[in-house]
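> Got a structure for you, questions after.
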Amino acid sequence: MTTEAASALAGIRVLELADESGVYCGKLLADLGADVIKVEPPGGDPTRAFPPFIDNRPGEVRSFFFQYMNTSKRSLVLDLDDRAACDRLRRLAAAADLVIETLPPGTLAARDLGWSTLREINPGLVMTSITGFGQTGPRRDFRSSDLVAAALGGAMTVIGEPEDPPVTLAGEQCHIATSTCAAASSLIALHHSRITGNGQHVDISALETTTSIAHICGVGKWLDDGIVPRRGGSGLFASVPSGAYPCRDGLVYLMVNRPLHWQALAEWIHEVTGNQEVLDPMFRGPSSNRLPYRELLDLFISEFSGRFGVEEIYREGQRRHIAMTPVNSALAVTADRHLRARDYFVEVESEDGTRLRHPGAPYRHARTPWRIARPAPRVGEHDGEGFEQDRLAPPIVRSAAEPSAAEPTGIDSGALSDLRVVEFTAGMAGPWIGRFMAWCGADVIKVESHQRPSVVRLYVPPGSPELGTQPELSPWFTDWDAGKRFVALDLERPEAVALAKRLVAHADVVVENFSAGVMEKLGLGHQVLRAEKPDLIYFSTSGYGDSGPDRSFVTWGPNIEALSGMSTLSGFPGRGCSVTQYAYPDGLSALHGLVAVMAALEHRARTGEGQAINLSQFETTVAAIGPSMMQALATGREPRKLANGSLHRAPQGCYRCAGDDRWCVLSVADDAEWGRFCDAIARPEWKGDTRFASAAMRVEQAAELDAGIEAWTRARAPEDVMELLQAVGIAAAAVQTVEDQYTADPQLAARGFFEEIEHRKKGRVVATGIPLGLSGTPGRTGHAGAAIGEDNEAVFHELVGLTPAEYQHYVDAGAIETPPD
């Protein structure tokens with residue numbers, strides 16, 4: 001097999017005109033085999049100058065950020081202020097499949113390179129624009145940054161300690177998530193273009209992506225319980241107990257989300273400490289039963305955990321099937337035994353001969369493995385190559401086994417209306433993939449069981465606890481599962497397993513996120529199901545992946561934040577563990593999973609081959625903080641903890657404003673912005689102060705600048721700060737809560753971001769929107785609030801083909817579980 005044939009995106013040509021806000025999108029596609037041409041301005045991409053540098057020596061390929069974000073790409077220098085260069089870019093677009101760009105709205109159109117021009121040249125082209133606010137709306141021209149997206153997107157207000165300012169995640173995670181969403185949406189649009197010949201403009205907004213990925217703290221929850229989530233330390237508001245607990249030699253992260261897990265923990269605490277109170281029946285059941293006792297349980301657990309070393313309690317806790325993980329430093333991650341066993345880190349020789357270790361694959365395709373084809377390029381390294389020669393994408397070949405599991409129902413039915421997905425999922429990391437695909441028109445069928453319901457089915461309405469568990473009413477059930485069909489099978493029965501196989505025979509994709517090995521034990525592993533459907537795409541995701549010594553360990557999203565090193569790199573100095581309240585690795589892994597699935601479908605369309613894909617949420621999250629991990633690997637030292645700061649921009653931070661817990665953020669990108677900023681806040685003397693003469697010098701003096709800036713912001717509302725600074729071209733924003741977003745954000749309102757969905761029991765509900773930005777095939781959600789097994793008859797009669805007598809036989813045998821009355 002040739003190298004090109006072994007790449008999922010072989011034959012896909014991508015033009016990338018992206019800064020730090022979208023460069024990860026191109027990396028994801030390039031490492032999957034796409035030919036990504038990085039179009040740089042004369043002198044090169046400014047991110048080549050982002051510190052820190054290899055051996056502390058600047059150079060065109062010596063930035064850890066640039067090295068990591070530009071693997072497998074080629075470099076072409078074009079000056080877009082030059083007419084001949086613009087002509088050349090148009091010729092390149094005529095032979096391309098995808099254009100990725102992060103320029104301010106209207107910039108390309110002013111050069112006759114906008115979407116309306118390019119689609120005339122190439123009707124099948126997909127153009128993906130990644131900006132802070134999107135291509136439309138009253139704030140489309142506002143300046144953005146990772147910090148601005150985190151503030152307006154509702155992320156910062158739910159990260160960190162209550163006594164600290166709001167804080168963002170390390171590694172520019174809003175840009176990472178937005179870029180990953182852009183890659184997924186681009187591949188969805190390409191899938192549709194391959195079928196119809198119609199390209200489209202994909203409009204990706206960092207504000208919308210951040211709001212979406214933080215949806216656990218979002219509008220559905222707030223409208224349900226009336227409580228605005230805020231910073232709460234390392235414990236999660238929805239999970240008791242949870243948080244970072246002290247051990248003799250560090251911290252361990254614990255999260256209990258199921259009744260049996262609490263029972264196992266309580267019994268262990270009793271064994272070790274003799275604590276009898278922890279066994280009290282009032283603590284049993286769903287997490288909501290323990291919410292009033294959080295502080296008491298934290299005392300019990302801290303007294304217990306302090307008797308152990310981190311490694312000891314971690315291993316023993318996992319042996320008892322309790323979600324415990326170490327709160328790792330970056331260096332601890334680089335030495336992790338599980339990652340080592342899976343050969344995760346890879347070595348790449350850069351263009352200057354330096355050999356660097358990189359984080360490896362964020363997902364693992366069995367037939368088309370991820371790989372770094374080349375190191376980050378030098379400026380204009382490929383200028384002399386003949387990009388203009390005719391290039392055609394390989395022909396699309398439908399699976400020989402079946403033309404398509406679900407035939408398209410028309411262009412208006414969604415970009416993925418030709419696909420069928422069968423889910424065996426719980427939690428969020430798996431279901432969110434199906435949620436996105438259903439929104440795009442795919443027929444997504446979720447297999448559930450009354451015996452082992454998903455955690456969101458264990459919902460007790462906060463306003464009516466006397467009603468007990470209400471499986472259809474959770475706002476997170478809407479966020480993760482709306483738009484799907486639901487069947488109920490008891491997979492511990494052989495008849496149910498046989499029926500599941502018959503169902504999968506009609507599918508294009510299987511998504512599962514049970515613990516590693518569970519599907520194989522059930523008789524539904526990839527090798528079995530591919531016999532039913534040879535071209536099946538089989539996607540599995542778990543905390544640690546499907547191999548390695550820790551593959552069977554139990555985790556939730558916050559465990560992965562702690563395990564991956566993200567929680568120690570994030571936050572303020574002196575804080576040992578700073579995690580999100582929205583289980584960031586779950587959404588991050590789901591977006592990467594959607595990229596992986598769509599790439600595999602692209603390969604299948606070209607070759608007829610299905611394949612298995614495995615995603616380790618641990619590895620995906622480490623990949624998301626790649627530059628920091630590269631620095632730790634190269635230097636043997638912990639990367640600097642930046643909180644809200646930057647190594648290449650200053651001033652940058654989060655500042656107190658007038659009002660209770662009201663904050664703003666701002667980020668000054670360069671010297672020109674610095675001058676305008678000084679004038680805007682009436683500090684003209686700063687412009688002539690030699691201590692602040694360059695960005696690097698301002699970074700060194702950041703503490704003094706921050707104190708002066710906060711003296712100014714304290715007297716102003718955060719919205720006033722934002723409007724004043726945005727008016728002079730400075731990236732600034734108010735730190736928004738979910739209430740601010742839903743009731744007062746004009747951009748989200750103008751773009752109709754929040755979605756109103758028909759609900760089986762509530763009438764209509766409002767949910768956080770899906771940020772895929774498919775302007776040509778906008779998605780929608782059919783309904784929410786389905787019961788377990790609600791679609792049994794439709795699926796098993798009409799799709800699988802059971803007769804009424806056969807269906808009743810499976811019901812009588814207990815294989816098909818009927819929905820509740």
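> Highest mean first, what order results for 61-68, 790-797 on Cβ atoms within 10 Å?
Highest-to-lowest ranking by the protection proxy: 61-68, 790-797.
> OK, next. Charges only on Cβ, +1 for Lys and Arg, -1 for Asp and Glu: so what's the dipole of the stretch 119-206 about the Cα centre, in debye to the nearest 20?
Dipole of the stretch 119-206, to the nearest 20 debye: 520 debye.
> Which net charge results for the neighbourhood of residue 182, defined as the other residues with beta-carbon distances under 12 angstrom from its beta-carbon, given Lys and Arg at +1 and Asp and Glu at -1?
Value of the local net charge: -3.
> Normalise the Cα radius of gyration of the chain by 2.2 N^0.38 Å (N = residues in it) and let me know the number.
That works out to 0.92 for the chain.
> Additional query: Give the accessible area for residue 687 in Å² (nearest 10); use a 1.4 Å probe, count only protein heavy atoms, and leave out ligands, DNA and RNA.
Accessible area of residue 687: about 100 Å².
> Hey, another quick one. So for each of 259-269, 277-287 I average, over its residues, the number of other beta carbons within 10 Å; can you give me the resulting order with the highest mean first?
Answer by packing, highest mean first, reads 259-269, 277-287.
> Counting only protein heavy atoms and using a 1.4 Å probe, what share of the accessible area of the stretch 547-658 belongs to carbon plus sulfur, as a whole percent?
Whole-percent figure for carbon plus sulfur exposure: 47.
> Right, another one. Checking the table 27/641; 501/521; 641/687 against a 19 Å threshold on Cα-Cα, which pairs fail?
In this structure, 27/641; 641/687 exceed 19 Å between Cα atoms.
> Give the accessible surface of the stretch 288-372 per residue, rounded to a whole number of Å², with probe radius 1.4 Å and ligands, DNA and RNA excluded.
Counting only protein heavy atoms, the per-residue value for the stretch 288-372 is 45 Å².
> Which shape class, rounded, prolate or oblate, goes with the stretch 1-98 when its Cα gyration tensor gives a ≥ b ≥ c as root eigenvalues, a/c under 1.5 marks rounded, and past that a/b bigger than b/c marks prolate?
Note, shape of the stretch 1-98 comes out oblate.
> Take the solvent-accessible surface of the protein heavy atoms, probe 1.4 Å, and return the percent of it on the stretch 91-206 that carbon and sulfur atoms account for.
On the stretch 91-206, the fraction of accessible area on carbon and sulfur atoms equals 50 percent.
> Whole number in Å², please: accessible area per residue of the stretch 465-562, 1.4 Å probe, ligands, DNA and RNA not counted.
About 32 Å² of surface per residue is accessible.
> Normalising by the residue count of the chain, find the relative contact order in percent from Cα pairs under 8 Å and 6+ residues apart.
RCO, the chain: 18 percent.
> Another question about this same structure. Over the stretch 102-231, what relative contact order in percent results from Cα pairs under 8 Å that are six or more residues apart?
33 percent
> Keeping the other protein chains in place, figure out the carbon and sulfur percent of the accessible area of the stretch 693-821, with a 1.4 Å probe.
Carbon and sulfur together cover 50 percent of it.
> Next up: Net charge around residue 430, counting only other residues with Cβ within less than 13 Å of its Cβ (Lys, Arg = +1; Asp, Glu = -1)?
That sum, taken over residues with Cβ under 13 Å, equals -2.
> For 38, 501, give the ranking by accessible area with the largest first, probe 1.4 Å.
From most accessible down to least: 501, 38.
> Which lysines does residue 761 reach when only Cα atoms under 30 Å apart count, and residues fewer than 8 places away in its own chain are ignored?
221, 446, 484
> With every protein chain kept in place and ligands, DNA and RNA left out, what is the accessible area per residue of the stretch 38-132? Probe 1.4 Å, answer in Å².
That works out to 37 Å² per residue.
> What number comes out for the charge environment of residue 574, summing +1 per Lys or Arg and -1 per Asp or Glu over other residues with Cβ under 12 Å away?
Here the charged neighbours net out to -1.
The values are calculated or read from the model by the stated rules, or taken from the named source; none is laboratory data. Computed from a predicted structure; not experimentally measured. Because the Cβ atoms are built from the backbone with ideal geometry, glycine has one as well, and the counts that use them run over all protein chains shown. What goes into the accessible areas is simple: the full protein's heavy atoms, side chains included, and nothing from ligands, DNA or RNA. Shrake-Rupley method; radii C 1.70, N 1.55, O 1.52, S 1.80 Å.
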